[in-house]
1. Would the range A:490-500 turn up any residue that is among the acidic types (Asp, Glu), surrounded by fewer than 24 Cβ atoms within 10 Å (Cβ to Cβ), within 30 Å of A:THR216 (Cβ to Cβ) and touching an Asp or Glu at 6+ places or on another chain (Cβ under 9 Å)?
2. Return the residues of the range A:17-61 that are aromatic (Phe, Trp, Tyr), out of contact with any strand residue (DSSP E or B) (no Cβ under 7 Å at 6 or more places or on another chain) and in contact (Cβ under 8 Å) with a residue 12 or more places away in the chain; say none if nothing qualifies.
3. Condition first: in contact with a helix residue (DSSP H, G or I) (Cβ under 6 Å, 6 or more places away or on another chain) and of a type in the set (Phe, Trp, Tyr). Can you find one or more residues in the range A:345-365 that meet it?
4. Could you identify the single residue in A:GLU120, A:GLU92 that is of a type in the set (D, E, K, R), within 15 Å of RNA strand B (Cβ to nearest atom) and on the phi < 0 side of the Ramachandran plot?
5. Quick check: anything in the range A:227-238 over 29 Å from A:ALA389 (Cβ atoms) and aliphatic (A, V, I, L, M)?
6. Restricting the range A:203-248 to residues that are more than 30 Å from A:ILE281 (Cα to Cα) and of a type in the set (Gly, Ala, Ser), which is surrounded by the most Cβ atoms within 10 Å (Cβ to Cβ)?
7. Within 13 Å of RNA strand B (Cβ to nearest atom), touching a Ser or Thr at 6+ places or on another chain (Cβ under 8 Å) and among the hydrophobic types (A, V, I, L, M, F, W, C), is that true of A:VAL21?
Amino acid sequence: MKMSKLFVQTLREFPSDAEVVSHKMLVRAGFIRKLTSGVYNYLPLMWRVLKKVENITREEMDKAGAQELLMPFVQPKELWEESGRWEVYGRELMRLRDRHDREMCLGPTHEEIITYIAREGLKSYKQLPVNLYQIQSKFRDEVRPRFGLLRGREFIMKDAYSFSTSQEELDAEYENMAQAYRNIFNRCGLPTKMVQSDSGAIGGNVSHEFMVITDTDAGENDVFYCECDYSANSNHAISKLPQATVDGAECGLTEKKVIDTPNTKTIEELANFLNVPQSVICKCLVYIADKKPVLAYIRGDKQVEETKLMNALGAIDIRIASSEEIEELMANNGFSAKAGFISAIGMKDIKIIADETVKDMKNFVVGVNENDKHMVAANLDDIQVKEFADIRLVEAGELCPECGKPLKVTRGIEVGNIFQLGTKYSEPMNAVYLDKDGKAKPYIMGCYGIGISRTAAAAVEAHHDENGIKWPVAIAPYHVIVVPVSTKDETQMKVAEDIYNKLLEQGIEVVLDDRNERPGVKFKDAELIGFPFRITVGKTIENGNVELVTRATLEKEEMAPETAVTEVIARINAQLK
RNA sequence: CGGGAUGUGGCGCAGCUUGGUAGCGCACCUCGCUUGGGACGAGGGGGUCGCACGUUCGAAUCGUGUCAUCCCGACCA
């Protein structure tokens, strides 16, 4: 490819609407352009990268025994009603109507469709297990698209679905996919961590996410990990507390009584007023779970992890109550307490749940539904809790549930995940096969996703410097750029063209920068776009040499043109292994 | 959805307070010159100032409404 004909427009400045580095770089280097919020045009350079990520994914999936197919982007409402998700999925599902007023949606994922395909085509245990996948655009009408390709509304995803006859078979396929994923991300030049995670709205039991570890805002997940193998998304992480048992008696709270605590709306204010640590306060939060209020107790120095709470309640939607909702709830129970003074004491017909660590609290401080008052030296019997669950957000420094060492935290970009779905879809959708004994049984399913476009963006997050992108060879749009410093210099042009042609003959993806630009422009563009190797033909040609520049390190090496050709081919092939 | 901000050629911005019919840098086209780190000179093309309504002799500028986009919080590949 001649640079003069390559469809690319690099920008002198970063776009003003981009926040994270992958977004800035990809726009500035001419890979993508926004069409509308969360929706991007993939320009030729980007498309080459995406096709490479796709192909690596495809090769590894095929090698793992999965079969590729392609399902429609448009899906009928009826199947979504069968699974129950037409109601549940909410506004993230892009809904539309056809000319006959039939309701449809744009696929955010394809469990319904694949389950339909399976029940039509997989009637016998003899056909199982099977794993089907596709690579396709998905549409999710995100509340807040952001970070360019990292959180778009339309994005490219590889989604795979497995159908098994037993849990053992599913376990085997799950591990098979986990290994395929490690291969895929390694080949893409992306180090990932496989972490335990919540299975969320898609449902199921066991699930893991593949995270690209980063220390920037682009990592939207908190990952807790230990020096042993344990690691988990914050929505799923568990821990042991260094000091699980707290007793208010140790700081003077020995006699149970209700006392005045004026203007102590926050835990901090209350702890300061009483001169006790926050851990001896039992705080009570009001949540709205599926439109109904719920009271959640947790130790004062800890936070509620809402996904855990949601799962503990079996709810599909949860949020903290507004002050108006709290006021209404209190009024219905004959109280006027505001947030900060609430408790379950005297509340009627309301779900009450407490974090497990509350069990280990003694002689604690708690609200009594009366403003400016708290009970001190209270105990479990006083707060009417019957149900306990782990609803606590883990913090760094708490102890690993497996080995007891302190947990660390970092941020991660989720590029892939694997789920054990079980019969979550096959059962309601009546998707069954006939077993050996002739009995109809629902498939035991798994699903496995990779964000293709997100993976490409995550690669930029992981590999860049202030000059631009440093693409790993395996997913770079081109491997090499050959830069004659002056296109007017016949010797330089001849050598450059010769190198270019030799590389082309060897199947190397190479660009010749034949533009009549000054060298600075060409070097800046080469580094911004991120060609893994650059061969500069310039002044050193007087000594019969060219320069081989490695993008990752910007290291320059002078060598003869023929050497540069064989050397660059060798290095590319070494990295493509 | 709540909170904050912004909409002016492809990109980055000024002009708006104090209304008078649009400007700068980059990019693009032509010519010259230049060629080891985003040169220079001359000439040129491109914008109903997000949209609608209103105020006014006159609106990018003032008012109302609306749409879009971005940033901060709860969801997900």
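1. For the range A:490-500, residues among the acidic types (Asp, Glu), surrounded by fewer than 24 Cβ atoms within 10 Å (Cβ to Cβ), within 30 Å of A:THR216 (Cβ to Cβ) and touching an Asp or Glu at 6+ places or on another chain (Cβ under 9 Å): absent.
2. A:PHE31
3. Within the range A:345-365 (the criterion being in contact with a helix residue (DSSP H, G or I) (Cβ under 6 Å, 6 or more places away or on another chain) and of a type in the set (Phe, Trp, Tyr)), the answer is yes, since at least one residue qualifies.
4. Numbers: A:GLU120 fails: within 15 Å of RNA strand B (Cβ to nearest atom).
Residue meeting the stated conditions: A:GLU92.
5. Taking the range A:227-238 as the starting set, the residues that turn out to be over 29 Å from A:ALA389 (Cβ atoms) are none.
Among the residues of the range A:227-238, not one is over 29 Å from A:ALA389 (Cβ atoms) and aliphatic (A, V, I, L, M), which makes the answer no.
6. In this case the residue turns out to be A:ALA218.
7. Judged against the criteria, A:VAL21 is a match.
One line per residue, one yes/no per condition, for (1) closer than 17 Å to A:TRP471 by Cα; (2) surrounded by 15 or more Cβ atoms within 10 Å (Cβ to Cβ):
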site: A:VAL483; (1), (2): no, yes
site: A:GLU505; (1), (2): no, no
site: A:GLY520; (1), (2): no, no
site: A:ALA564; (1), (2): no, yes
site: A:VAL568; (1), (2): yes, yes
site: A:ASN573; (1), (2): yes, no
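The values are calculated or read from the model by the stated rules, or taken from the named source; none is laboratory data. A quick note: this is a predicted structure, and the numbers were derived from the prediction, not measured. Here the Cβ is made from the backbone with ideal geometry for all residues, glycine too, and neighbour counts use every protein chain on show.
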